[in-house]
Amino acid sequence: MHDRQRRKQCCWQRRECSYSFYVVSSNGGAFANKSVDGGTHGFLIVRSSRDSFTSNVVKGSYYGFYLLESDGATIVGNEVSDCRYAVFSWFSEAEVRDNILANNEVNVFTFDAQTVLIMLLIY
């Protein structure tokens, strides 16, 4: 691969970076005005509740926000661009609104108990 082509690829495509922010078992935390450029996860949020993520900028990550069992998390007013998944949510009741989502392959992906039930009923 030519050097110029390599520079054009996002960091997650080159697999050079990993996590940027871990938020694990937090309750009521506020995460604002953070900037992430590249990486596997911009924000990895696990078993957190009532956490607020506002005015953050995530660019070029595989997952902008990755939520797992994080009920009550609020993702509002962030800018997420050039990611594979802007917001990826597993079994989380999160409020996701008023974000700027640009040039992502998938803007919001949600997987929960209802999704599993529907899949079982269909197949």
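What follows is calculated from the coordinates using simple rules that are stated; it is not laboratory data. Because the structure is predicted, anything quoted here is derived from the model rather than measured. Neighbour counts run over all protein chains shown; Cβ positions are idealised from the backbone, glycine included.
For this structure, a couple of remarks:
Rundown of residues vs (1) over 20 Å from H41 (Cβ atoms); (2) loosely packed, with under 12 Cβ neighbours inside 10 Å; (3) out of contact with any Pro (no Cβ under 7 Å at 6 or more places or on another chain), yes/no style:
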position: I75; (1), (2), (3): no, no, yes
position: S81; (1), (2), (3): no, no, yes
position: W90; (1), (2), (3): no, no, yes
position: R97; (1), (2), (3): yes, yes, yes
position: A102; (1), (2), (3): no, no, yes
position: E105; (1), (2), (3): no, yes, yes
position: F111; (1), (2), (3): no, no, yes
position: M119; (1), (2), (3): yes, yes, yes
position: I122; (1), (2), (3): yes, yes, yes
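- Count of residues meeting criterion [outside any loop (DSSP other than H, G, I, E, B), out of contact with any Leu (no Cβ under 9 Å at 6 or more places or on another chain) and of a type outside the set (V, I, T)] in region 38-55: 5
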